[in-house]
Amino acid sequence: MRLIVYNRAVRALFPLLLCAAASAHATTVAVDVGHFIEEPGATSARGRPEFEFNRELAVEIDSAARRSGLKTMLIGYDGFMSELTARTAAARNADFFLAVHHDSVQPHFLETWEYDAVERRFSDRYSGFSLFISRKNGSLKGSRACASAIGEALRGAGFRPSLYHADPIPGENKPFADKTNGVHYYDNLIVLKTARTPAVLLEAGVILNRDEELKMRSEETRKRIAGAVAQGLGRCLGGRRF
């Protein structure tokens, strides 16, 4: 009788033990909030700092990744992490590094308009997402695989890559690593080349574009982007061989 009770207890605990083991070995993604309060990045067409967009989207990606079974660590949320190498150092125990940003355009494309009685700069010339990896990263194969998987998932969710970062003009000319999925090489980006894991930088949308800025402000859009990013990460990290 005691043996039967013992066996039943073990069977009851077995699923919990499996979950605990899976959690202990779950892949960890470092989600980095691009920029910081003192240097908040681009200013949107309506005057909002990029850092605020980055923080909102990073939180959504963090939540979506955790729901999909990944572990996460959120880096730079408080807005005081000014040293870029400190970000990758903080992520040293993660398995993947994702930097979350929103995009601008080259200065010579900017126009002006008035919004809330203030003259603002904008450009409706470009829109869409972009992904960047560095050939100086020690895990280039993994970086490229995950960037392509994220780009594919974003396209599947109805978003499209901007592609203009490959244009042969000053300030751009970033060669494609995967044109279909909007992945470019940007070798000297500090967080990409100093990360000790595969690393990708996401430019989620062009906030100097007046229509796209409004979409990026939308909670529904953020959730769609986050869900797609989590899906892409799950695909590339689930059975990783890099």
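The values are calculated or read from the model by the stated rules, or taken from the named source; none is laboratory data. This structure is a prediction, so every number in the text was calculated from the model and none was measured. We place every Cβ from the backbone using ideal geometry, glycine too, and count neighbours over all the protein chains shown. Each accessible area value is taken on the protein alone, full model and side chains, heavy atoms only, with ligands, DNA and RNA left out. Shrake-Rupley method; radii C 1.70, N 1.55, O 1.52, S 1.80 Å.
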Flag for K223 being more than 14 Å from A149 (Cα to Cα), surrounded by fewer than 23 Cβ atoms within 10 Å (Cβ to Cβ) and in contact with an Asp or Glu (Cβ under 7 Å, 6 or more places away or on another chain)
yes
Are any of the residues in the range 90-112 free of Cβ contacts under 8 Å to residues at least 24 places away in the same chain, open to solvent by 40 Å² or more (accessible area, probe 1.4 Å) and aliphatic (A, V, I, L, M)?
no
Among (1) in contact with a strand residue (DSSP E or B) (Cβ under 9 Å, 6 or more places away or on another chain); (2) more than 29 Å from A91 (Cα to Cα); (3) touching a residue at least 40 places away in the same chain (Cβ under 8 Å), S139 falls short only on (2)
Within the range 123-146, can you find the residues that are of a type outside the set (S, T, N, Q), open to solvent by 10 Å² or more (accessible area, probe 1.4 Å) and not in a helix (DSSP H, G or I)?
D124, R125, Y126, R135, K136, G138
Filter the range 152-168 down to residues that are among the aliphatic types (A, V, I, L, M) and either open to solvent by 50 Å² or more (accessible area, probe 1.4 Å) or free of Cβ contacts under 8 Å to residues at least 60 places away in the same chain (or both), then give me how many there are.
2
If A149 satisfies all but one of (1) touching a Leu at 6+ places or on another chain (Cβ under 9 Å); (2) open to solvent by 40 Å² or more (accessible area, probe 1.4 Å); (3) among the hydrophobic types (A, V, I, L, M, F, W, C), what's the number of the condition it fails?
(2)
Kindly indicate whether K174 is crowded, with 16+ Cβ neighbours inside 10 Å and modelled with pLDDT of 95 or more.
yes
Being among the polar types (S, T, N, Q), more than 27 Å from L140 (Cβ to Cβ) and part of a loop (DSSP other than H, G, I, E, B) narrows it down to one of S82, S63, so name that one.
S82
Members of the range 17-35 found to be outside any strand (DSSP E or B), surrounded by 10 or more Cβ atoms within 10 Å (Cβ to Cβ) and either at pLDDT below 50 or touching a Leu at 6+ places or on another chain (Cβ under 7 Å) (or both), listed by number
L17, L18, C19, A20, A21, A22, S23, A26, T27
How many residues does the range 187-222 contain that are of a type outside the set (A, V, I, L, M), closer than 15 Å to V100 by Cα, out of contact with any helix residue (DSSP H, G or I) (no Cβ under 6 Å at 6 or more places or on another chain) and part of a loop (DSSP other than H, G, I, E, B)?
0
